[in-house]
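In what follows, a structure is listed as structure tokens, so that the remarks can point back to it.
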Amino acid sequence: MSATNTAVRSQVAVPDPHGPCGDDDCGIRDVLDRLGDKWSVLVVVELEKGVRRFRELERAIPGISQRMLTLTTKRLWRDGLVERTVHPTIPPQVEYRLTPMGRSLAGVITGLADWSREHKDAIATARADWDAEHEPL
């Protein structure tokens, strides 16, 4: 078909120049940056269980280094998802808890985890079917 065929051109979807949020900046990139960081998600999931001290978080999240936990909690604190309380003891005890906004994010993460659990087998089957017909990625 030619490029001048109007029937073909009218069926081509024109991408929205404003992205998934329409005209406003809904902040989706910032949220995806935070959720794309696996440590942030794991910290939020752990804090959904309740208040945790730094060492409790470190022990509860296998593979996270002290430095990465420090960076992650600071980022979550900066984003307003985590509240940090320092108790004046020697050595200082630091506790973390989710803010109301952090708890609402935890609900979304739980929903995503539930969805993935529900569809895990179907995704594995679809991948196996695709791999059987195509060269694996």
Dipole in debye (nearest 20) - the stretch 49-137, about Cα centre, beta carbon charges: Lys, Arg +1; Asp, Glu -1: 880
Percent relative contact order of the stretch 25-137, based on C-alpha pairs within less than 8 angstrom and at least six residues apart? 24
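FYI, it's all coordinate maths here, none of it is from the lab. Please read these numbers as outputs of a predicted model, since none were measured by experiment. Neighbour counts run over all protein chains shown; Cβ positions are idealised from the backbone, glycine included.
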